[in-house]
Amino acid sequence: MNNFSLIRNTGGQLVYLSSTGDTHKGIVPVRAFPISAPDQGISLTDSDGHEVLWINNLADLPEAARALILEELANREFTPKINRIHHVSSYATPSTWQVATDRGDTELLLPGEDHIRRLSHTALLITDAHGVSFLLPDIEALDGHSRKMLDRFL
């Protein structure tokens, strides 16, 4: 990968400095595959949405640049991970689910079974009525109670 620097300016924006001296302010990192390969395929885009740099793998970057990119991504992305399903109001949709996530307990409204999308054999993405996506990374890791409630929708 060509040499470059990534810094945060006093306004809190990421600034890309290329090895040829080009400077781009307001850099926004965008994951190409946020669920299936979150550390691969990262595009650094400028404030107009034009790609400035493509990063094949975050592991290829120096620690300082990688840390800034991950910090910026964490500020922009919100995909809570479901750890447990406490209660489901109904096995017909729409239904209200009370779940425990990695960000705390919450309630989501599942408008229809088509809002549960299989990402892999064990991973699901559940999108509630407000457009918030919840990741269920491994249905086999759920406790029996949670799995029983989920199975009725699959």
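The values are calculated or read from the model by the stated rules, or taken from the named source; none is laboratory data. Here the structure is a predicted model, which means the values were calculated and not measured. Neighbour counts are summed over all protein chains in view; Cβ atoms, including those assigned to glycine, are modelled from backbone coordinates with ideal geometry.
Quick notes
- The C-beta contact set for the range 120-133 (first residue in contact (Cβ under 8 Å) with a residue 12 or more places away in the chain, second residue exposed (fewer than 14 other Cβ atoms within 10 Å of the Cβ) and among the hydrophobic types (A, V, I, L, M, F, W, C), distance under 7 angstrom, 6+ apart or interchain) comprises 125/119.
- Being at pLDDT 95 or above, loosely packed, with under 15 Cβ neighbours inside 10 Å and outside the structural domain of residue 122 (by TED's automatic domain parsing) is not true of residue 9.
- Residue ID - surrounded by the fewest Cβ atoms within 10 Å (Cβ to Cβ), chosen from residues in the range 72-88 that are farther than 30 Å from residue 148 by Cα and not polar (S, T, N, Q): 74
- Restricting 120, 95 to residues that are surrounded by 13 or more Cβ atoms within 10 Å (Cβ to Cβ) and polar (S, T, N, Q) narrows the list to 95.
- The range 20-71, residues that are surrounded by 13 or more Cβ atoms within 10 Å (Cβ to Cβ), among the β-branched types (Val, Ile, Thr), out of contact with any Phe, Trp or Tyr (no Cβ under 6 Å at 6 or more places or on another chain) and assigned to a strand (DSSP E or B): 28, 30, 42, 45, 55
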